[in-house]
Amino acid sequence: MIDLRSDTVTKPTPAMRRAMMEAEVGDDVYGEDPTVNRLEQRAAEITGKEAALFVPTGTMGNTIAVKLLTEHGQEVICDSRAHLLDYELSMVAWFSGCVVRAIQTADGILSWDEIRRQIKPLNPYSAPTGLVAIENTHNMHGGTVYPMRTVHEICGGVHERGLKIHLDGARIFNAAAALGMPVREIAAPADTVMFCLSKGLGAPAGSLVAGPANLIAKGRLYRKRLGGGMRQAGVLAAAGLVALEETPKRLFDDHCNAKFLGEGLARIPGIHIDPRKVATNIAVFDVAGTGIVPAEISTRLKQRGVLINAINERQMRAVTHYDVDREACAQALAAVAEAVAS
């Protein structure tokens with residue numbers, strides 16, 4: 001089966017499996033798991049932050065970061081298709097007591113002018129703005145990447161207003177590969193950053209949230225409240241360490257394969273995608289012109305040995321990763337052409 005549903009479906013590499021088997025472990029709730037401690041130290045170094053916290057999921061990482069940077073009753077500004085708005089079970093409200101102020105964008109990339117117009121000061125009527133969250137790369141807009149000039153404009157303007165910035169960098173290593181710059185430079189302007197080990201990097205589980213040491217220490221308590229104390233978690237952290245060192249250099253191949261998919265999909269009658277906009281490892285394409293609903297196409301593809309998810313009534317999303325090579329992508333394209341023609 002060729003699985004292009006997400007880069008979360010990757011299997012641990014042999015090196016990851018060996019590291020997990022041989023991992024030195026302790027009780028992480030006591031701070032005694034040496035492998036988790038090494039992973040957190042390495043994550044802090046890579047992101048350029050003072051400290052980092054290992055959490056089970058990206059949702060938990062974003063939830064903790066929002067809680068750390070806001071107060072109950074504030075607004076959080078983000079894009080209208082942001083992951084923390086659409087795919088995290090309203091944790092901004094449920095755990096942090098905040099509401100979201102969503103801004104619709106063409107490609108998931110916010111601008112300072114758009115944000116500036118939505119910022120609300122403390123007043124007797126409205127929820128004041130407390131936080132701005134940006135997503136880099138942007139999942140539902142097809143892995144789009146923030147230009148660093150835009151990031152600096154947003155973060156500079158937000159900080160001048162006395163507000164905070166959280167970077168949902170679930171796929172920040174893909175952004176780094178696309179921009180040709182270190183992760184720490186992308187994360188530098190933000191107060192906190194979250195990234196996933198279990199997406200493009202291919203580890204079996206886990207994410208990191210990084211930021212100032214005093215906030216991360218407080219975040220450790222929020223992790224406990226959310227049920228994230230994982231005890232002998234070094235067996236997972238060991239795979240994460242391998243992923244941090246080995247996988248980033250392979251991400252460019254995933255990007256090339258996604259571009260290849262985009263170019264092939266654009267040649268199939270009834271499918272619309274601009275291959276020039278495939279920036280990283282995600283290709284979102286519109287199938288409305290085929291006259292077949294995405295869910296039906298997904299069913300037909302599964303019968304042909306290809307897994308690609310529908311994401312709404314018009315679009316589907318294909319995500320490349322190291323378990324799907326160029327030949328598999330070519331086979332997937334042939335399956336799509338057959339599925340929409342039948």
**OP:** Take the Cα radius of gyration of segment 160-247 and divide it by 2.2 N^0.38 Å, with N its residue count; two decimals is plenty.
**Re:** 1.17
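For segment 194-238, what is Rg from Cα atoms divided by 2.2 N^0.38 Å, rounded to two decimals? Could you put the intermediate results ahead of the total?
Details: Rg = 11.5 Å, N = 45, 2.2 N^0.38 = 9.3 Å.
Here the Cα radius of gyration is 1.23 times the empirical estimate.
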**OP:** Give a residue-ordered list of calculated ³J(HN,Hα) values for segment 226-239 (Karplus: 6.51 cos²θ - 1.76 cosθ + 1.60, θ = phi - 60°; whole Hz; x for Gly, Pro).
**Re:** 8, x, x, x, 9, 6, 6, 7, x, 5, 7, 4, 4, 5
Subject >> Karplus-derived 3J(HN,Hα), 6.51/-1.76/1.60, for each residue of segment 293-302, Hz, glycine and proline x >> reply: 5, x, 4, 5, 4, 4, 5, 5, 5, 4
**OP:** Just add up the charged neighbours of Tyr30: K/R +1, D/E -1, any other residue whose Cβ is under 12 Å from the Cβ of Tyr30.
**Re:** -1
**OP:** Determine the dipole magnitude for the chain: charges of +1 sit on the beta-carbon of Lys and Arg, -1 on that of Asp and Glu, nothing else is charged, the reference point is the Cα centre, and the result goes in debye to the nearest 20.
**Re:** 280
**OP:** Any chance you could look up the accessible area of His72 with a 1.4 Å probe, heavy atoms only, rounded to 10 Å²?
**Re:** 120
Subject >> All-pairs Cα distance distribution in segment 15-150, expressed in whole percent, bin size 10 Å >> reply: 11, 32, 32, 18, 7, 1
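Using alpha carbons only, what's the Rg to Rh ratio of segment 288-342 with Rh from Kirkwood? Can you show the working numbers first?
On the way: Rg = 10.9 Å, Rh = 11.5 Å.
Rg/Rh for segment 288-342 comes to 0.95.
Suppose the chain between Arg231 and Gln104 were pulled fully straight at 0.36 nm per residue; how much longer would it get relative to their current alpha carbon spacing? Mind showing how you got there, number by number?
Working: separation 127, 0.36 × 127 = 45.72 nm, distance 4.10 nm.
The span from Arg231 to Gln104 would gain 41.6 nm if fully extended.
When the accessible area of segment 22-139 is split by element with a 1.4 Å probe, what percent falls to carbon and sulfur? Walk me through the numbers on the way to the answer.
Numbers: 2520 of 5140 Å².
Percent of accessible area from carbon and sulfur atoms in segment 22-139: 49.
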Original post:
Amide H neighbours of Ile2 under 5 Å, counting only residues 5+ apart in sequence or on other chains, H built in-plane at 1.01 Å?
Top reply: Val306, Leu307
Original post:
Remind me, what semi-axes does segment 246-333 give for its equivalent ellipsoid, largest first in whole Å, using sqrt of 5 times each Cα gyration tensor eigenvalue?
Top reply: 22, 14, 11
Original post:
Hey, what number do you get for the chain at 222 nm if only DSSP H runs of n ≥ 4 count, each worth -39500 (n - 2.57), divided across all residues, to the nearest 500?
Top reply: -12500 deg cm²/dmol
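To the nearest 20 debye, what is the magnitude of the charge dipole of segment 227-342 about its Cα centre, counting +1 on the Cβ of each Lys and Arg and -1 on the Cβ of each Asp and Glu? Mind showing how you got there, number by number?
Values: 13 positive and 13 negative charges, 29 e Å.
Computed charge dipole of segment 227-342: roughly 140 debye.
Treat every Asp and Glu Cβ in segment 1-67 as -1 and every Lys and Arg Cβ as +1, leave all other atoms uncharged, and give the resulting dipole magnitude about the Cα centre to the nearest 20 debye.
Details: 8 positive and 11 negative charges, 72 e Å.
Value, rounded to 20: 340 debye.
Equivalent ellipsoid semi-axes for segment 100-156, as square roots of 5 times the alpha carbon gyration tensor eigenvalues: give them largest first, rounded to whole Å.
On the way: eigenvalues 108, 32, 15 Å².
In descending order the semi-axes read 23, 13, 9 Å.
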Original post:
At a probe size of 1.4 Å, how large is the accessible area of Phe252, to the nearest 10 Å²?
Top reply: 120
**OP:** Compute the FRET efficiency between Lys277 and Ala337 as 1/(1 + (r/R0)^6), taking r as their Cβ-Cβ distance and R0 = 25 Å, and round to the nearest 0.05.
**Re:** 0.75
Original post:
Can you give the translational diffusion coefficient of the chain in µm²/s, computed by Stokes-Einstein from the Kirkwood radius over Cα pairs at 37 °C and 0.692 mPa s?
Top reply: 159
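Can you work out the accessible area per residue across the chain, with the rest of the protein chains kept in place, probe 1.4 Å, in square angstrom? All intermediate terms of the calculation are to be shown ahead of the outcome.
Numbers: 14560 Å² over 342 residues.
Result: 43 Å² of accessible area for each residue.
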Subject >> Relative contact order %, segment 214-287, counting alpha carbon pairs below 8 Å whose residues are six or more apart >> reply: 23
Subject >> Inter-probe distance in nm under a simple model that places probes 7 Å from Cα toward Cβ, at Ser126 and Ala266 >> reply: 4.0
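The values are calculated or read from the model by the stated rules, or taken from the named source; none is laboratory data. Just so it is clear, the model here is predicted, and its values are computed rather than measured. Counting neighbours? That spans all protein chains shown, and the Cβs are built from the backbone with ideal geometry, glycine included. Areas reflect the complete protein model, heavy atoms only, side chains present, ligands, DNA and RNA absent. Shrake-Rupley method; radii C 1.70, N 1.55, O 1.52, S 1.80 Å.
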